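We did not get these values from a lab; they are worked out from the coordinates using the rules stated. What you see is a predicted model, and the numbers here were worked out from it, not measured in a lab. Here the Cβ positions follow ideal geometry from the backbone for every residue, glycine too, while neighbour counts run over all protein chains shown.
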Amino acid sequence: MILTPNILARLVAIVIGGVVLQLSFFSQVALFHVSPDLLPALVVVLGLLGGSLTGAVCGFSAGFLLDCLLIVPLGGGSLVLLGTGYLAGLFRERFEIHSALVPPLLCMALTLFAELGFGAVKVMLGFDAPVSTLVVRDVLLKSIFAFFLGWGLYAGLRRVLRPALVEEATVRRRGRRRRPRLPRAERGRRPRAMRA
Amino acid sequence: MYRKQVRRRRAVLALLIVGSFVLLTVTYGQGSDGVQRGVSTIFSPLQSVADRALKPARDLVNWFDETFDAKGRNERLHDELEAAREQAVGSQAALAENEQLRNLVGLDRGGAIPSGYDPVTARVIARSPTVWFADVTVDVGSGDGVEVDDPVVSGDGLIGTVAAVTGSTARVTLIADSSSAVSAKIVPSGVQGVLKPSVGDPGDLVLDFLDSEKRVGKGQSVVTAGWRAEELESNYPPNLPIGEVTEASLVEQEAQQQVHVRPFADLRELDLVQVLTGGSRG
């Protein structure tokens, strides 16, 4: 990812917008009694577009902001989401994304990872209660929701971050190179048909 | 060049992981620190605006969910209505008797909220996104008189307690959170126990440590016990409604000394709540 001040501002806005949207909307709606979790999918998409470092930093920031706004011990959300973003970025660096299904499937798998990670953090902080089997249903449904969220997020964020994407820049350069070069005298003039 | 990049990437990753663990270690067990208070103060107006702006969209999505759910709920409500009709006759008499007794002893309290508490109405503006933490954030804080450990109720009954406070917001740990434990009693039998959650299922709480010699029946109501021992006192005032017993098998009562309780309040869909400030906790 080509990081410019403009792109950094966009990333900050995406992370803040994602956290506020999660807390104000997604956490408070229920589909089949389960609230969708946007943040792991968002971090996965950022990792896929920007690489492991971008994924990790965005994940850490999103987790930190989430913990701050929920007034819970800091660090838990950061740890889980930075791992999620890093893994997504690592996938992008190691493998080619051949199919349009890869990002949503990765969102689904890494949301499952993130939910288990949140569970592990909870256990680490002290856990003294029976666990209902409904947790399994909730976690699986959250992963399925993440599939659809990831689909939309990948398409949307790819468009928003297009100027910063390395492969997009390469494609643009190739496109420019393929265009036939006009003689110096013809440059800047409209084609004959258009003039008529 | 590539090696340098990899080294830098690993260094940043290590720094972030160490940072997360340091933050966890430093902030664990504390209510709220300066950073959280600052961030919360900056973002709470934005959250409030987003909360109000997104309410129609939330209602729309929840409407779909409720429609799916309505069919099953309809049958259950029919059964409950029948049982409620039978109880209503007895309750009317009990209410009248209760009113007379209240007047006799000079109690002028209208509802379940005991005197000495000042209810502060709050709106839920955020909710923990994972299934492992049952917390909500409300839009009142220390500026409104809210303190840590204040009990929080909805229109249906107890929902939790304040766990952390900033100037304008507060975190409420719901009774469905794994860290929650409420001393409760069953009415009218008076059997006492500790109400703990079953993580992942906010509609099922477990009333534990019951006296195995006393029988508890399905449908009996559970309220806060509100104990007091010398200078120590429960965080919860007595007789706040919590829920009703849904499962009370003899085997479970004798072997594990526990019964299952469904909370009156729908902990998944909280909008307006009341924080009971003040009180006389020791």
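Odds and ends about this structure:
- Partner shielding of B:195-204 amounts to 5, given as the average count of beta-carbon atoms from other chains within 10 Å of each residue beta-carbon.
- Where the Cα pairs of region A:5-169 fall when distances are cut into 10 Å bins, in %: 11, 42, 35, 10, 2, 0
- Think of chain B as a dipole: +1 on every Lys or Arg Cβ, -1 on every Asp or Glu Cβ, centred on the Cα centre; then among B:LEU54, B:PRO188, B:ALA88, B:LEU54 lies furthest on the positive end.
- For chain B: rounded, prolate or oblate by the Cα gyration tensor [a/c cutoff 1.5]: prolate
- Distances between placed amide hydrogens fall under 5 Å for B:GLY243 paired with B:VAL222, B:PHE264, all partners being 5 or more residues away or on another chain.
- Label point distance in nm, B:ASP118-A:ASP128, each placed 7 Å from Cα along Cα→Cβ: 3.4 nm
- Sequence-separation-based contact order of region A:5-169, relative, with Cα cut under 8 Å and 6+ spacing, percent: 26 percent
- Value of relative contact order over chain B, rounded to a whole percent, pairs C-alpha under 8 Å and six or more apart: 17 percent
- Euclidean distance between Cα centres, region A:57-126 to region B:19-91, Å: 23 Å
- Kirkwood Rh and Cα Rg combined as Rg over Rh, evaluated for the protein assembly as shown: 1.09
- For B:VAL140, the residues whose amide H sits under 5 Å from its own are B:ARG123, B:ALA170, ignoring neighbours fewer than 5 places away on the same chain, with H placed 1.01 Å from N.
- For the peptides B:34-43, B:162-171, the ranking by mean Cβ contacts within 10 Å, running from highest to lowest, is B:162-171, B:34-43.
- Nonlocal amide H pairs with B:VAL206, under 5 Å, H built at 1.01 Å: B:LYS196, B:SER198, B:VAL261
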